[in-house]
Structures are given as structure tokens and as C-alpha cells.
Number of protein chains: 4
Amino acid sequence: MKPESIGIVANLQRADAESVLGRLETRAAERGLALLADPDTAACMAAAESVPAGDLARRADVLFAMGGDGTVLYAARLLCGSDTPILGLNLGSLGFLTTVGEEAVEQAVDALCEGACTIEERAALACELEVPGDDEPARARALNDVVVGWGASSSIVSLDLSVDGEHIATFMCDGLIVSTPTGSTGHSLSAGGPILYPGSPVFAINVICPHTLSSRPLVIPDRSTISIRVGESAKPLVLSIDGRDHPGDITPGCTLHVRRAKCGVRFVHLEEYSYFKLLSQKLHWRGSSI
Amino acid sequence: MKPESIGIVANLQRADAESVLGRLETRAAERGLALLADPDTAACMAAAESVPAGDLARRADVLFAMGGDGTVLYAARLLCGSDTPILGLNLGSLGFLTTVGEEAVEQAVDALCEGACTIEERAALACELEVPGDDEPARARALNDVVVGWGASSSIVSLDLSVDGEHIATFMCDGLIVSTPTGSTGHSLSAGGPILYPGSPVFAINVICPHTLSSRPLVIPDRSTISIRVGESAKPLVLSIDGRDHPGDITPGCTLHVRRAKCGVRFVHLEEYSYFKLLSQKLHWRGSSI
Amino acid sequence: MKPESIGIVANLQRADAESVLGRLETRAAERGLALLADPDTAACMAAAESVPAGDLARRADVLFAMGGDGTVLYAARLLCGSDTPILGLNLGSLGFLTTVGEEAVEQAVDALCEGACTIEERAALACELEVPGDDEPARARALNDVVVGWGASSSIVSLDLSVDGEHIATFMCDGLIVSTPTGSTGHSLSAGGPILYPGSPVFAINVICPHTLSSRPLVIPDRSTISIRVGESAKPLVLSIDGRDHPGDITPGCTLHVRRAKCGVRFVHLEEYSYFKLLSQKLHWRGSSI
Amino acid sequence: MKPESIGIVANLQRADAESVLGRLETRAAERGLALLADPDTAACMAAAESVPAGDLARRADVLFAMGGDGTVLYAARLLCGSDTPILGLNLGSLGFLTTVGEEAVEQAVDALCEGACTIEERAALACELEVPGDDEPARARALNDVVVGWGASSSIVSLDLSVDGEHIATFMCDGLIVSTPTGSTGHSLSAGGPILYPGSPVFAINVICPHTLSSRPLVIPDRSTISIRVGESAKPLVLSIDGRDHPGDITPGCTLHVRRAKCGVRFVHLEEYSYFKLLSQKLHWRGSSI
């Protein structure tokens, strides 16, 4: 279905942001598409309607996230359950989520108008933090990952890991990451985790700096509920969701439950998109480096 | 459904093999179950019918594999497409596939008769080796894994990896492992691979000693076809299927295709079986080791 | 040389602390050795002289650290340049530094009196933290390791690593560990670092969760000066020295210099002590676990 | 000391080999240096004296190894105890040992004549293979590494590791690598080993695909003797020395002893040489790859 409007969020600190926005305006005008942008972005554009960020996904037919992968994660937070698809356009260097280059902004508009693109749905995580004494758990959604760990002290952390109510192990460690396939090329990868092909119906659980040397990344079906209970460490930990620190404290006795969110995040891909090509390009998989 | 007969394969070199077989005979007689065993095993038993190993799966209602995980892999090879379930009984130490202890042999027979057990189906791999100049590819099935590598020389190997016909990368390495969830705790784990929870509809691809230092284990949906083409190394490689060397040569120009086999392997579990308990016990996940 | 006095620090929260202290008193009396203890420990003993913790190393001929490895690290901090040797006695489970079991407390006293023991010197780290605008760098010593990282936020850290003034790389990561051979079996090991045999004249540098996937642990001669400059991350980091958080802030622009300390830490070993035996026992290096 | 002659070994299959040899001849003539080359190389040159490869090191003042790292390893084997320094000149892409680019061949000759270069000695390994029933052990030298493992079958290998006569552990594995600092960026690195700065007086021991999941690379002083005894696996293994398969069989019961060789290998470096620059260039340590 041909879109009638494009919502825009952009990282305006990137060097080429304004010129690419200008090119987007020109081509959208030629194609008769309405442009909506959050107020900061709209201020850099000639004719885009300024719309509160939180309303963009509801009002636009497709959401352009222009910048880096962080901009796409921000766009995904704006969805709030809407199924508006996101098109990630990188300003600068190729990202796992910003797969369209800035040189292709016109091509992206054309492809949308001509239906020459595909939609892929990525799984998201629904997190609930049970805090002793609180009636209502805090809730959040993640497209990439949930990380519990360290905090303002380096002292060791004790985390109880359970899956579907069954206790697996208590890990003495620096932290623990639960990631979706989308997030598997992020923080989890730096911690030794595997790469999960998008669409694999699984999540990865990865202990950061485990004192149990035989600990290994664990891949489980995405129908599972993962629970992480913070043991008796004498410090508040950091809870990071898609790379953003969660405002509430996570203290000894808290339990974090992670499961697959009801709604995922939909992405627009141009026809030449290939996950494996992207992967080998990003990770420099070209022959021997030693 | 209550079984009427038990087929038996046993590793007779294990210390307790004969006494456990004796106890099995006693309890089977009490329960009115017929026993069938391969000729070597039958020779150690009083009243079991001697049956060619290749006929056991077809004729028995359940197959007892007594020994270590290697014995279960052997039993799985005997299935030849039959859906007869396997019960793995360890003689010695707990295995990932021999999950019933020898002390529980009577309990296992009782549980079968009373239906106090569950059946779990594990995915298997179907492999085809395309050799240039050969009309028909060689075929084999694996429950655990397929390994290509090293061979009689230590010189470096060049392997082209493709998934569903799309080329991913050419790895300079010692070898490459494709493993099922069942095999993920075997050779793949020793090579840095993740643990795949049984039933996860994915396979793991793992490069052994990659010269590309950014290479990481890859987890892909089990509906994919994985192809490994042997590049211009000047030596024949080893092809190992479930830990057994494959008779045919695998030489430069050969391509190995791996996909999910149509039939999996069914296992009988007693009610107290828990994969996670087994895992944390086998890997000594008990607190800090450092 | 036969010692005339033993200084004692003990972790009094360990179950057997008091009974082992009692046994130590009995045997020391039989051997004519004076006992000095820090005030808390002295309060649990019948006849030990209470001495401020900071004076123990200067006044005693040998220092007994009774508890876990943390107790030994505490004892090492009390040395303040003194070359009094430490004997680590574990209360509970074997440690890398508390190598004498509590059952052997009498044997340890006897061995000291009879000279049936060896002294081993372990290298320590001297750290200097240069804070922009401060005249004088903060200084600290470490027996195990120095860790820079995370802090109260999970956002990524940028660290510039130089050795002997030569810039090596800027790592985007969660943190970085510099460890001595003694510390190589601690935090560094959990982060994928190698085990450095004690006495190897080298240090290990290890990036925690590096975003550069080709990053690997680096082993350099202990005559080198390692400098870590904190890049433009928008947050204060944690500086941890031998597992204790450093009071001062480490903020963007700070540089941490690490080199070998002039004085090391001397340890008393009983004759049956073997590093490799300890290592394989602690890490469960007994055959296959998979 | 200004050299009077240059010995040459070259990988003539590299595209630019002949033209670079020609430029070397021109500049050597201008500088009044004699050129000696092995017969194959001499055949491609106008005026170089043809000398048996085994005599080059003894007769020339410096040895140019032109090609890749393999060419340098070959040159090192030609030394046979001579202390003639090697200059590694890459034809194609930068190597860890071929650190001078082909564009700098004239600069290299000039630097030698003007003394504008440094000599670095790298440690080598002396290996002895004790075969039961043989009187005399087989001997070999390695600049990079010694690898024992796999062989023509993939079945698991059992290796007993001892250091200075003390048994450390029996590893069930695919193989084991002992590497010098020079070799630490080779096969050992691909197997998860650390990078040892050249000149660090240590060796690394690294188990390939250990079934003991808590196994980690071990770094030991280079004054140690490492012994690897092949356990009861039912197959001959491969013994690889600097990447070359050793002719003799290594079978169950054999023991390989590895220690530091009396003579190392000396390398010529131009003044701009920097190990760390080379390392970060070869391993692409430039910011985040994910």
C-alpha cells in the first residue's frame, strides 16, 4: 500500500542531517507525500508539519529514523504499540538498523511509493520489574536488549536466573544481558554472545564476566519467560533498556521478568537489503586478519 | 501407550553393563515385557531375543541405549526413519542424552508401563555431500553435529559459507561446525558456541579457530539450508557426523549441504527430567569458581 | 629465619574463625611466638596483643590473613611498603591467595618455626590518577588488578590505551582491566583473560565487552607503563583497585597510569604448595565436562 | 655495522616479486652490496650469485625474506643457529613479520647501509619428540608455534600437560598450541589466545576446543619446559611446527617437550617500525565495529 505521509525523526547533530532532510522534502513533494516531523526536526525543514514526537507513529504511514541505530531505537519507543513501519536511514556510517544510506534517500521515497520494498517484523521484549513493597511492577519494552549489572560500584553481583519459573543457576558476575535477535549484534555480541538471525524465534541470555568459567551464552525459545532476581549484593544496580538507563532503582530482592512483547517492531527494507551482506560488511568478514 | 517390547543396545565395556542388564531382565519379566537386543548384548543376557541391530527400532516399542552419549548416538543411527523413542540410560556418569541413572533402571521400566514419562522430539540434520564428478551426493543424518575441517595436515582451510544460497563469507579457519540444539552442548560448545535449548527451532554455525577475529557463532532458523563449499586448500578434509568420520573424502570443490531432516529423534524422559537441572549439573554451574 | 611474632587479621564472619584463632593461640604459645592482632580480632582471642591494623606489618615478623582472598588483599594493603610476608589461611574454601587450609593452622606455625616454607614475591601495581586541574595525582597500589568502567550508567565508554607513551587504540567498551599475574585469576579471568603464571614478568590488559570484536587480551612486559585516558563519555566511571571502589571520581579527560610498584608483596608457602595444583583444583580441570 | 652482502629468499608466486627484485638489484649495485640468492630466486635476477638456500645465512650479512609471513618462517629455518638478521619485506599485504612494504625496498637498503635500523631478537622454541622405542628424540625449532592435534580423524584427543615435570591437567580436546610471543598473533590467536608483546619472556599454552569449559590460555615464563604427552586416543595426531606438518608420526604414548631455544631469531626493523601500530592496523582496531 502506497503511503500518504512520512513521519520523521532525525539526529540533527549528524553533519549531513539538514541537506538530507532537504532532499527528502524535494522528493516527497514530487511524489505528493505529506511530511510530519517532531518539532526540532520540523524547525530544520521548509514545509514539514510539526507534530509532537509521541503522535508521529499514529499519524504517519511510515516513520523515517535518520541518524544512527540509536535514532531507530528512539523511533521504536515512539511506536507505543502502533504498527507503523520504520525505515532506518543512516547519516554517516552503516548501522544494523539504519540500513539505507543517505545517498539513497530519494530511492527510498520512490521505493515506498512503488511498493518496491518489504516489511519485516522484529520481536521485542516486554520487561516487568517487581520491586519488593511496590504494588505495581514497572514496565518497559525493548527492541534490542535488557541489561542488569554493575552500577556505581564494581563489587560483584549475584543474579538468580530462572526460565519459566525453573531456577537455572545463581551467577556471580558483572551483569546479565537478555537480547532479541535484533539486539544480538549489540551489547550481547561484545560480551561474547552469538549472532541470532532476525526472525529466529529465540532470545539470547548472556552473563557478563561470569565467575563460573563454564558459563556460556544460552539461547531459548521466545515463548519463554526469563526471570532475573537480584541477590544479596550490597548495592543498587543499573537496569539498561535498549541502552537507556531505567529511572527506577534495581536493588537486592528485585526481580526482572522478560518475555516476548505482544507487538514487535516493523521495518521497511529496500529490495537490495540483505542481512548477511550487512553483517559481513559491518564485521569486516573479509578473509584472514591474522 | 504401554510398550510391549524393549529393544536394547548397550556399551558392554562399561563396568556395570552386565549387572544392569540383569536387573532390566528381572523387572521386564515382572512387567511382562519382551526384550530384544543386538547379538552382542543378547549374548550377555539370559532371555533376550537376539535381533540384528538394524531391526531393533522397527521391532521394539522403545529402544534402551545403555552406556554414554555415544551409545545414544549409535541408537539414533539405528532408527533409519523409525519413530521408536529412545531412552538413554547412563552406565557411569550422567550424560546429556543418557539422563537416566543406572540405579533407576527398574524405575524406568515401571514409568514406561505406567505412562509416567514424556516423549520429546529432537531435530536432526540431513546432510548431502556434493562431490564434483559424482552423480549422486552422499547422504547422512546427524542428531548432534556435522564438522568439516583439519584432516591429516594442519594447514589452513578455506570454507565458503552460504545460507539459503546467499554467500555469507569465506572463512580461513581450522574447520566449521553445524549443530542442532541437541549437539550444542557437544563439540560446538568446546569451540565457543552457545547452548541452544532443546526445541529451539534453530541451528548453530560455528567456525573453529577463525582467522577472521570478528567471527562469532551464528544462530539461524532450522528451515534454512546451510552450504559449506571447500575452497582451494591443498588437502582432503575430515567430515565428521555425530563424531564419526565419514568414509568419503571431502576435497577442494566439494559442497556440503545441511538442512533439517524430515524426521527427528524421539526421546523418553522420566518425570523428574529437567534440561536445565542437567545442564547446570554437567557444567558445574554452582557459584563462583574463581 | 625463625619468626618471633605473628600478626593476625581475620574475617570474623567466617564460621570457624574463633575456633581456628584459638588453635592458633595454643600452638603459638607452645612455640613461644608472640601474637599481635588488630583490635577486633584481638577481642576474640585470649592473649593476643591488640595493635592498630596499620602497625601490624611493621611490628610482626609474618602476617596471617585468615578468611578468603579478600582478607589477603586487605592484609596486602596494610603492608604500606613493609616486606613482612603474608600467610593466607582459608576459613571455608580454598582461595588463590588463602592456600593453607584451616585444618593446617598448627602445621603452618610449625613450618614457620622450622623454616619449612618458602617465600615468594608477587609483583604489585602502582597507579596514578591524573585529574585535569588537580596538582597532585591520586595514588594507589594493587596486588590484583585495576579496573576502569561502567559506573552509574550503562552507556558506552571510550578509553584510549597507550603503552610507554605510544597510543595503541581507542576502545569503545564497558571497561578495561590491568592485572598482575596474581590478579589474572580474578576479574580478568572472568572477562576472558589468560592465566599468568606467578612470577611471569608481565601484566595483562583486557578490555571488557569491547565493541571492536577483534580485540584480544594483551600481555606486556611489567617494565611498561600503561596509560588509560577516559574519552568523551558523558558520565563518571568507577575506578576499582583490588575490588575496592576508589573514592575519587574518574571523569572524561582523566588519565590513569599503571606501572609495576617498587615493592611487591611477599607470601609464605608451605612446602606442599603448588600453583598448578591449586589452579586445576579451583577451576575443576578434571577431564571432560561435556 | 654496515653489511657487505644481502642474502635473498623470495616467494616468486607473488605478483610483484620480479620487479621488486629488480629494484633491489639496482639499489644494491648503487650501494656496492653483493647479492646472494637461492637458485630459484637467482634465476629471476640479473646479477645475484646463486647459493644453496642452506648456505645463505652463513654467507650473507643480512637475509631479505620477500613475500608473506610464511617466507619469513622459511628464512628462519635456514638460519640453523646463525645469528644473521632477517628483514621481512611484504609483497602484497602487510604481515606481522613482513613489516617493510615493497614500496620501501630502496629505503630498506639505504637504512641498512646507514645503520638507520634496529635489531630485535625474538625467542624461538626447541622441540623434542620422544617416541616410545626410539633411542633418539626427533628435534625441531619453531619461531611461531607448535601445534599437536586432530589428525586424519576427528575423534577426541587426550593430552597430558606438564610444566617443569609437574602434571597440570589432562585435556580432552582437539589439540594444543604452544606459542612464542611472535607466534601469539598466529594460530594461537585464532584459538582464543592472548597477544604477547614481543620480548615478553613468556610462552602461551592454549588448548583447542577443550571439553573442560573452564580451561583458559596459560602464560608461563620462557624458562619453563612444557611437556605434552599424547594419551590413549586411537589415532595418530598431526604435529605442526610453524605451520608445517612434521614428517614423523605422533602417536599415543609420545611426549613432546618444548622449551626456549638457545638461539633466537634476529630481525631488522626500520626506524618507523612500531609493533603496536602494526597490531592495531592488522586487527582493524579502529573504533566500534558493532
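Applying 1/(1 + (r/R0)^6) with R0 = 56 Å to the Cβ-Cβ distance of B:Arg31 and A:Glu120, what FRET efficiency is obtained, to the nearest 0.05? Using R0 = 56 Å, I get an efficiency of 0.55. Of all DSSP beta bridges located in region B:3-146, what percent are antiparallel, nearest 5? Of those bridges, close to 20 percent are antiparallel. Computed about its Cα centre, the charge dipole of chain A is approximately 600 debye, with only Lys, Arg, Asp and Glu carrying charge at their Cβ. For the segment A:150-160, counting C-beta atoms of other chains within 10 Å of every residue's C-beta and taking the mean gives 5.
Annotation: peptides A:270-283, D:60-73, ranked by per-residue average of other Cβ atoms within 10 Å with the highest first, follow the order D:60-73, A:270-283. For region D:125-260, pairs of C-alpha atoms spaced more than 21 angstrom apart make up 33 percent of the total.
Rounded to the nearest 0.05, the FRET efficiency derived from the C-beta distance between D:Gln107 and C:Gln107 at R0 = 51 Å is 0.15. Legend: P(r) of chain C from all alpha carbon pair distances, 10 Å bins from 0, whole percents, reading 6, 27, 30, 22, 12, 3, 0. Each Cα pair under 8 Å and six or more residues apart adds its separation to the average, and for region C:185-242 the resulting relative contact order is 25 percent.
Contact order, relative form, for region D:125-260: 31 percent (alpha carbon pairs under 8 Å, 6 or more residues apart, mean separation divided by residue count). Here the relative contact order of chain D, from alpha carbon pairs under 8 Å that lie six or more residues apart, stands at 18 percent.
Placing +1 on the Cβ of every Lys and Arg and -1 on the Cβ of every Asp and Glu, with no other charges, gives the protein assembly as shown a dipole of roughly 0 debye about its Cα centre. Please report how far the C-alpha centroid of region D:233-290 lies from that of region D:64-133, rounded to the nearest whole angstrom. So the two Cα centres are separated by 14 Å. Computed from the C-beta positions of D:Ala47 and A:Arg286, the FRET efficiency with R₀ = 41 Å rounds to 0.55.
Using Cβ point charges alone (K and R +1, D and E -1), the dipole size of region A:125-260 about the Cα centre works out to roughly 420 debye.
Counting every pair of alpha carbons in region C:1-112, the share spaced more than 16 Å apart comes to 51 percent. Residue and distance for the chain C Cβ closest to the axis that moves C onto D, in whole Å, come to C:Pro194, 2. Ordered shortest first, which distances in nm separate the 7 Å Cα→C-beta label point of A:Glu106 from those of the other copies? Spacings between copies for this position, smallest first, are 4.7, 8.5, 9.3 nm.
For the protein assembly as shown, the C-alpha radius of gyration sits at 1.00 times the compact-globule guess of 2.2 N^0.38 Å, with N the residue count. Since only D:Ala123, D:Ala152, D:Thr170 are under comparison, the one whose Cα sits farthest along the positive direction of the charge dipole of region D:85-172, derived from C-beta charges on Lys, Arg, Asp and Glu, is D:Ala152. Remark: label point of B:Gly92 defined 7 Å out from Cα along the Cα-Cβ vector; separations to the same position in other copies 3.6, 4.6, 5.6 nm, ascending. Please enumerate, by chain and number, the lysines with C-alpha under 26 Å from the C-alpha of C:Lys277, excluding those fewer than 8 residues away in the same chain. Cα-Cα hits under 26 Å: B:Lys282. Across identical copies of the chain, D:Cys44 has label-point separations of 5.4, 6.3, 7.5 nm, listed in ascending order, with the point defined 7 angstrom from Cα along Cα→Cβ. Take each residue of peptide D:221-229, count the partner chain Cβ atoms within 10 Å of its Cβ, and average: the result is 1.
Mean residue ellipticity at 222 nm, helices only, chain C: -5500 deg cm²/dmol; runs of at least 4 DSSP H residues each add -39,500 (n - 2.57), and the sum is divided by the number of residues. Averaged over the residues of B:163-175, the number of partner chain Cβ atoms lying within 10 Å of the residue Cβ comes to 4.
Every number here is computed from the coordinates shown, using simple stated rules; none is lab data. Note that the structure is predicted; figures quoted are calculated from it, not measured. When we count neighbours, we look across all protein chains shown, and the Cβ atoms used for this are built from the backbone with ideal geometry, even at glycine.
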